[in-house]
Ligand SMILES: Cc1ncc(C[n+]2csc(CCOP(=O)(O)OP(=O)(O)O)c2C)c(N)n1
Ligand SMILES: Cc1ncc(C[n+]2csc(CCOP(=O)(O)OP(=O)(O)O)c2C)c(N)n1
Ligand SMILES: [Mg+2]
Ligand SMILES: [Mg+2]
């Protein structure tokens, strides 16, 4: 076991997969010599050369589209979007193409590709370097969307994504990159895509969240524990398609559910989580399904006052938990 | 009052607005001489000339992006996407640009633009001429998304959209174009964007839907009425941002809610409707919140067998209603 | 006297007859589809008519046992040469379960057949350009020597994906040939409202690749430039852009009526340049195509089209629940 | 002896001094921002350094009381000439409420100021190209005679929006000038990995517009070609593409360290071509810029920068709840 940062776990997953399978390669902006603007691909250019760590021209639709072509051929591209915010020019390639290749060809072709992108706020990134973009894609069958919260999950899930025979969007919270550290085994392991994970067992209320929200929830849960309130925390990990069984089970367990996301509230992934519960566990609920999310404004501003106002944090999660517990 | 088809109401709305305000113009593919592939702009090229009904090059990102520029200048473009499926290359311009212009400039600039697009299936359009794409955008503050169900609503809402100071996505169900007819007043009128509409009053259960689903629900409701089951039908009309009050009121009224959309189930607009109800009207519910939607496959196939399997229709709505009524 | 152009290109009489046969087969299948559509038997047709020479000239310059193609919806000629059969095309037109392109999921013209290296296509135009570039990149990485061919219409060359894909290919010197089949219309929008350059091939220089415009009504002209491009590609000299000028002899699709926006003159000009008529005349002038051969060919082709039609018409649709299959690789059976 | 180039261009000594002054002001503001960033006072800087000549040459060729500009993040020179003040730029750097660009919502370099016809910009590169084309279209429809200017980096010229926007402008012969500030790098990616053409201006022919590449270290060269382009635009002769070759004298931004991917030689070459040093030498050789004038200018500029910094540093942030404002036009007050 080594204690790794979230970003180091990601780099290591790519490195190991590239060593293991020479069909795996990386393409993106500044991923080569510079090692990525966040340094997620650091060292890989030196190890694998410019043919397998490709500094692509500044054009996201081509990065994804070329990746799709290579994946259809049988390689396993990992495309990096420099920021999740800049995935938008590639939406047509992701939604119209990658997600539909297997289905439209009646299983003749497939597209084993990973698209990695740092997302999320709290880093003075302003409107266009802070966004949560997952809701745009979390309604497209054929895609899988993974958002890990810990170094352990990040490594295991990224490896699973690279080995997956279908396209996977892999969103990494950029504030977690160096903030979050954790134990990661030396041995090769993968984590099954599509499975949520209980990050804390509890009895009084359930928090369902993902990404950085998991850490905020765990911190807040410790505070509530001191007052004898026991919080159950479910980390979705795969936010599309959702792990319905795990969600229903977690909701039923305590009867009180708080859904936490950093994304805007209306139309977020948490809406679907709520709908699943309201469809399958309604009579097990002792309180309305509560959501804590960013306000419905385009994205978080640059000025620290407004950024802080937008971002969720452990205090806000704690307040929401206490309100729900008192219900 | 005239009895107009859904598409004629749309054409008429554009014509009247172009006569009323010379800042209004149309741009899109084949909208000029041909009058659009569905004939939505028929006659407008003759009346207003090629400068105000512009046959643009085949490039959706430019159609939207150029429209945004003209709108920022102060004109009122109506951009037509030939099919909603082909809006995907323009996502970056819509999400990153149009929806954020007012916010990012602190109210200095704005973008009064309408983007019209025919969507929906049941017309042998196969995977890429049948899709519901609204969920991709129904999480972007700054945008408004309108989907009318009747000629009356279509005309009033399209006029309101054209006069709106912010960008509006206006999705028109292509099967409704000639199928749905209705009374439309001669006088100028608008319908407020953001307001849902009760299309049928009822006591036993509530159906919330939009677009063609409204007609399916109304047909099914008539069948249930014969068995003494009274159905309340709420037409969302604006699917983003949602009319929360109307949704909560409609849910509370009967305590049994069926949500109907033609879109794939997971991550649809109906997830948010469900979440609103689960958050604000939970204890008024007598049954789980039920959803009827397309299956979670990329889009509806071409073969009639599979297309029919995918599409919602009055029979499927009826079955779902009866199940809910019997709960 | 007609000059023998094909021998100079290294093409035997047998091969040019095969080219002609494939052009004719494409035309006859296409014509049959219109009849079926007008008879209410199939919901949709989109045509290759008028573009067969460009498609066949191009396809024959490639290696159909090794190269990859990312055709666009009109490219019936290309896919026929790459191994798709009349029967398979008809199965697609009828949306039947056996359709190898999509099992009846996609409209006709949405080609794809892995065993023949025909890359699956969709409706949003031009997305196939980056795909072809990606296949070429993969081939280069794997040290294979195949060429990847991708085609699109001139209107579609205005999409961002054309620019981004071509540029990527240029920067990485990839073995890709991009062919723009310029039929002067994008549905109703004429060339003059689509582009401001003289030739679409003028765009090549912006991607550091050779660009050439040829008469798309002459399969041998197209063959010649395509062969050169393929040789360059295989020699590691990178991508090429080829524009073939042709006519769209039909309406855009069965949902369109082109008399609304095209003059009778324009339509007549197209008919006068029909590539099949022209190529037949060339072959006859040289004595390569005799009446005998032609008659037999027509007969065989009609028999093939009839058989394909019958088979496809009687073939079953996919089961309704088949709609749930193949969303993901490890799909659950229903 | 140095040749007087500006008189031939119709530029008075006064105007060229003003050009120099604006270049210098941009440089000094930019340098101050780096200091503030290194002192932990502002989170982010993105620089104009090395591109002032291109920006000022271009901006002075436009009519800053009538024309529209859609600048990109490095264009401090452009916005200064179009009326944005040092104080306003500093308010943006400090993300303060009074920032006219965004009220502190966007990072510095995301320009926008309606009263000065500076079109609001975002971070995703190249989206501004179609916007500028749309503004030009609107102007043409309204029979106005303004020109619209839009700029971007050479890496950004590979985005689909460049192609689509330029093509639309070409087809509709719109009064737009697209300027590519080619500083040879897109963050760490060198020109050779971005494009395969010799000059980015080679792309112009594909849009039916003139394309020209000029020395971006010389404001007068840039002025000359920009003026010609602006005249063409105003005469209804359509759009132009101008590429200015320059150096990026700083790292990509305050988050980057360019010594990781640039050689010392490359960096030294940039410094040796510093456009401000070069223009000062030119003006001094001609006696237009005297030590006296220069000293006074420097003093005034430093005072202006100091004052702007102080003001901005002490100005208030927007209230937290202001984050809820201006999502839609008829916003509710909170
Ligand atoms: C992205 C996208 N936008 C619009 C369409 C609708 N459409 C289908 S074909 C076509 C015209 C294509 O013209 P061109 O590229 O010249 O090819 P041609 O049909 O003339 O061969 C259009 C607009 C589409 N399929 N995809
Ligand atoms: C669509 C998009 N992708 C990626 C980025 C991240 N990014 C910001 S600037 C930049 C490089 C731009 O290079 P260039 O166009 O040459 O302009 P320069 O910075 O050199 O002036 C990149 C990749 C972005 N802002 N937008
Ligand atoms: Mg065409
Ligand atoms: Mg650059």
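Quick notes on this one:
- For the stretch C:37-64, a residue qualifies if it is out of contact with any helix residue (DSSP H, G or I) (no Cβ under 7 Å at 6 or more places or on another chain), crowded, with 18+ Cβ neighbours inside 10 Å and part of a helix (DSSP H, G or I), and exactly one does: C:37.
- If you filter the stretch C:140-159 down to residues that are in contact (Cβ under 8 Å) with a residue 12 or more places away in the chain and within 7 Å of another protein chain (Cβ to nearest Cβ), you find that the one that is farthest from ligand 3 (Cβ to nearest atom) is C:159.
- Hey, residue B:261 crowded, with 24+ Cβ neighbours inside 10 Å and under 17 Å from the mean Cα position of the chain (by Cα) or not: yes
- Inside the stretch D:147-160, residues that are touching a strand residue (DSSP E or B) at 6+ places or on another chain (Cβ under 6 Å) and more than 16 Å from ligand 4 (Cβ to nearest atom) make up a count of 2.
- Among (1) more than 7 Å from every other protein chain (Cβ to nearest Cβ); (2) closer than 30 Å to residue B:22 by Cβ; (3) in contact with a strand residue (DSSP E or B) (Cβ under 6 Å, 6 or more places away or on another chain) - the single one residue D:131 does not satisfy: (1)
- Checked against (1) more than 10 Å from chain C (Cβ to nearest Cβ); (2) over 23 Å from residue A:143 (Cα atoms); (3) in contact with a strand residue (DSSP E or B) (Cβ under 9 Å, 6 or more places away or on another chain), residue A:87 passes all but condition (2).
- Among the residues of the stretch C:184-218, those that are within 10 Å of chain D (Cβ to nearest Cβ), surrounded by 24 or more Cβ atoms within 10 Å (Cβ to Cβ) and either at positive phi or under 19 Å from the mean Cα position of the chain (by Cα) (or both) comprise C:200, C:201.
- The criterion of at least 3 residues that are within 13 Å of chain A (Cβ to nearest Cβ) is met, among helices (runs of 4 or more DSSP H) falling completely within the stretch B:106-187, by B:134-137.
- Residues that are closer than 14 Å to residue A:108 by Cβ, more than 16 Å from ligand 2 (Cβ to nearest atom), at the interface with chain A (Cβ under 7 Å from one of its Cβ atoms) and touching a helix residue (DSSP H, G or I) at 6+ places or on another chain (Cβ under 6 Å) occur at least once in the stretch C:106-116.
- In summary, residue B:82 fulfils each of the numbered conditions (1) within 18 Å of the chain's Cα centre (by Cα); (2) surrounded by 24 or more Cβ atoms within 10 Å (Cβ to Cβ) with the single exception of condition (2).
- Exactly one residue out of B:89, B:167, B:118, B:148 is modelled with pLDDT of 95 or more and either at positive phi or over 17 Å from the mean Cα position of the chain (by Cα) (or both): that is B:89.
- Residue C:91 meets each of the listed conditions (1) within 13 Å of chain A (Cβ to nearest Cβ); (2) assigned to a helix (DSSP H, G or I); (3) out of contact with any helix residue (DSSP H, G or I) (no Cβ under 9 Å at 6 or more places or on another chain) apart from (3).
- Listed conditions (1) more than 10 Å from chain B (Cβ to nearest Cβ); (2) modelled with pLDDT of 95 or more are all met by residue C:321, apart from (1).
- Filter result for residue B:30 (in the same structural domain as residue B:165 (by the TED database) and either assigned to a strand (DSSP E or B) or within 24 Å of residue B:186 (Cβ to Cβ) (or both)): no
- Here A:213, A:228, A:202, A:194 are screened, and the one residue that is at positive phi and either buried (at least 24 other Cβ atoms within 10 Å of the Cβ) or in contact with a strand residue (DSSP E or B) (Cβ under 7 Å, 6 or more places away or on another chain) (or both) is A:194.
- Pair list, Cβ under 9 Å, 6 or more apart: the stretch A:27-40 residue over 15 Å from residue A:52 (Cα atoms) and more than 8 Å from chain D (Cβ to nearest Cβ), other residue at pLDDT 95 or above and within 16 Å of ligand 4 (Cβ to nearest atom): A:38/A:82
- Residue within the stretch D:161-183 that is outside any loop (DSSP other than H, G, I, E, B), in contact with a strand residue (DSSP E or B) (Cβ under 8 Å, 6 or more places away or on another chain) and at the interface with chain C (Cβ under 8 Å from one of its Cβ atoms) present: yes
- Test: residue in the stretch D:121-130 that is part of a loop (DSSP other than H, G, I, E, B) and over 16 Å from the mean Cα position of the chain (by Cα): yes
- Filtered residue count, the stretch B:221-243, keeping only those that are more than 23 Å from residue A:134 (Cα to Cα) and within 24 Å of the chain's Cα centre (by Cα): 10
- Applying the condition of being surrounded by fewer than 24 Cβ atoms within 10 Å (Cβ to Cβ) and over 28 Å from residue B:30 (Cα atoms) to the stretch C:140-170 and asking which residue is farthest from ligand 1 (Cβ to nearest atom) yields C:143.
- Residue match in the stretch D:271-278 (condition: assigned to a helix (DSSP H, G or I) and more than 22 Å from the chain's Cα centre (by Cα)): no
- Selection count where residues are closer than 18 Å to residue C:167 by Cα and either within 16 Å of ligand 1 (Cβ to nearest atom) or in contact (Cβ under 8 Å) with a residue 60 or more places away in the chain (or both), scope the stretch A:69-90: 2
The values are calculated or read from the model by the stated rules, or taken from the named source; none is laboratory data. None of these values were measured; they are calculated from a predicted model. Using ideal geometry, Cβ is built from the backbone for each residue, glycine included, and neighbour counts are taken over all protein chains shown.
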